[in-house]
Structure formats: C-alpha cells, structure tokens
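Okay, so here's the structure we're looking at.
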Amino acid sequence: MLRRVAEDNVRMPDERASWNQRYRERSPSSLEPDPLLVTSYEEFIQPLFPHGGIALDVAGGVGRHGRWLAERNWKVDLVDISEVGVAQAKQNAGRSAAHIRFGVEDLKKFSFPQNHYDLVLVFFYLERTIFPDFVRTLRPGGLLLYKTYTRQQGKFGGGPSHPLHLLKPNELLEAFSALEILFYRETIRQRGIAELVAKKS
Ligand SMILES: C[S@@+](CC[C@H](N)C(=O)[O-])C[C@H]1O[C@@H](n2cnc3c(N)ncnc32)[C@H](O)[C@@H]1O
C-alpha cells in the first residue's frame, strides 16, 4: 500500500528524475481544481456521496485535487512518483493535509487495494497497463473521473507529443466499457482532451 515519503527508497527511474526536475524548476503550479472535478462534484459525486468518502488521486502532482476534496470531507490517498511534487502537495494542503495520505510511488508498481475507493481521479496521466487496476480498486458504486490529452493535441502547442501519452478516439470509452458511463466527451478547444465519468456497478 502507500509508503510514506521518508520511507521511500525505490531506485530513481528517469521518469521520476524528470518530474522532480520539472517541479523544482517551474513556478508554482495552479491549485485550481480542474473544471471536470468541480462540475462532476455537483452532478455525480455529491449526490452519490453526500458525506464524503475515500478517494485515490492517481499521479496527484502538487495536490490541487487532493486538497480540494479534503476540504469537502473526503479522505484522500495521493500517489505520485515525484517526491518533489509530493512535498509541494503536502505544503499546499495546509491544514487539509491531515486528511490526505501522501505516497511517493511508481504507479506501475503500486499495489492497488481491491474494491476500496469511492472515487478514483486520473488527471493528465496516461499509463494504459494500469487501466484494469483503476476498475478493480473502485468499490461497487464508486466513480472514476478521467481526463487527459488525445491525439488531437498534436494540432496545438504544449502537452505531450508521444502517442504513448495521447488517447486514441474513444479510447477511454472502450477501456472502461465494464463501467457505467455517466459522461464522456472529446473536445478540441485549444487542447485535445477526453473526459470520462464512469460508475462501477
Ligand atoms: C501532468 S502531471 C498531472 C498532475 C495532476 N494529476 C494534476 O492534474 O494536477 C503528471 C503527474 O504524473 C506523475 N507521474 C508520472 N509518471 C508516474 C508514475 N509512473 N507513477 C506515479 N506518478 C507518475 C508526475 O510526477 C506528475 O505529477
């Protein structure tokens, strides 16, 4: 399960080194939650979980979503490969940090607990090999929110460019077809983006 920051002694792969460097060098990231989380909170999350629940913030970065949920009565496990990002997430969480467990982990090696989370958030992180883990780690009735770049992003500046990091058309719909799809769209407004909200039955 989650290892604490201080206990983490996993060999440092390039992925970790490059994210650490990014977080060290760039100006503080916005702590505004993504609009998909805000709208889904009103439309799906709060109606289903009026008293909060347990959430997994996959590749949670500097904690913009973990903090936002913790302020709304959620317990959050934030997992990210970058100890620099996670240290910033802890600081950014302020008093809400008490409701967040911070883990420095490579998600490709993470032991996802089964049938555990009420909510799984995946924002701007794409690792197809662990798609099944997102489904397994949800409790029945739990929600998956997924948002990241599509191949359409190639038409715009910024963001990832390697196909490994870009979704194919309808890819999230197909990958999570075992879930009940509550919301899905692909947009090309300044960025190529796919957004999914789905429920485990
Ligand atoms: C674009 S950022 C998104 C951060 C956050 N989800 C958000 O939307 O604010 C991608 C994040 O994925 C993390 N990451 C990349 N590879 C990872 C891996 N193998 N395991 C865990 N986290 C990883 C990076 O450290 C980084 O924080």
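Quick one, can you get me the convex hull of the C-alpha atoms of the stretch 31-189 expressed as volume per residue in Å³?
Taking only Cα atoms, the stretch 31-189 has a hull volume of 115 Å³ per residue.
Normalising by the residue count of the chain, find the relative contact order in percent from Cα pairs under 8 Å and 6+ residues apart.
That works out to 18 percent.
Which ³J(HN,Hα) values, rounded to whole Hz and listed in residue order, are derived for the stretch 162-172 from phi using the Karplus coefficients 6.51, -1.76 and 1.60 in 6.51 cos²θ - 1.76 cosθ + 1.60 with θ = phi - 60°, glycine and proline given as x?
Once θ is set to phi - 60°, the couplings for the stretch 162-172 become 6, x, 4, 9, 10, 6, 7, x, 6, 4, 5 Hz.
Enumerate the calculated ³J(HN,Hα) couplings along the stretch 97-105 in order (Karplus 6.51 cos²θ - 1.76 cosθ + 1.60, θ = phi - 60°), each rounded to whole Hz, writing x wherever the residue is Gly or Pro.
With the stated coefficients, the stretch 97-105 comes to 4, 4, 9, 10, 9, 9, x, 9, 8 Hz.
May I ask you to list the lysines whose Cα is less than 24 Å away from that of residue 168, ignoring any residue fewer than eight positions away on the same chain?
The qualifying lysines are 108, 147, 155, 199, 200.
Counting DSSP beta bridges with both partners in the stretch 31-189, what percentage is antiparallel, nearest 5?
In the stretch 31-189, DSSP labels about 0 percent of beta bridges as antiparallel.
In the stretch 137-198, which trypsin sites (Lys or Arg not before Pro) are in a loop and have at most 16 other Cβ atoms within 10 Å, using DSSP for the loop call?
Counting only loop positions with at most 16 other Cβ atoms within 10 Å, the trypsin sites (Lys or Arg not before Pro) in the stretch 137-198 are 189, 191.
Please find, in a Gaussian network model of the chain (springs between Cα atoms separated by less than 10 Å), the residue of 80, 118, 106 whose mean-square fluctuation is greatest.
Greatest mean-square fluctuation among the candidates belongs to 106.
Each label point is 7 Å from the Cα along the Cα-to-Cβ direction; what then is the distance between the points at residue 177 and residue 164, in nm?
So the label points at residue 177 and residue 164 sit 2.6 nm apart.
With θ set to phi - 60°, apply the Karplus curve 6.51 cos²θ - 1.76 cosθ + 1.60 along the stretch 52-69 and write out the HN-Hα couplings as whole Hz, x wherever there is a Gly or Pro.
x, x, 10, 10, 10, 9, 6, 6, x, x, 8, x, 4, 8, x, 4, 4, 6
Given the options 144, 48, 172, which has the most mean-square fluctuation in a GNM of the chain, springs set between C-alpha atoms less than 10 angstrom apart?
Taking springs between Cα atoms under 10 Å, the residue moving most is 48.
Any read-out appearing in this document is the output of simple, stated calculations on the displayed coordinates, not a laboratory observation. No experiment lies behind these values; they were computed from the predicted model shown. Neighbour counts run over all protein chains shown; Cβ positions are idealised from the backbone, glycine included.
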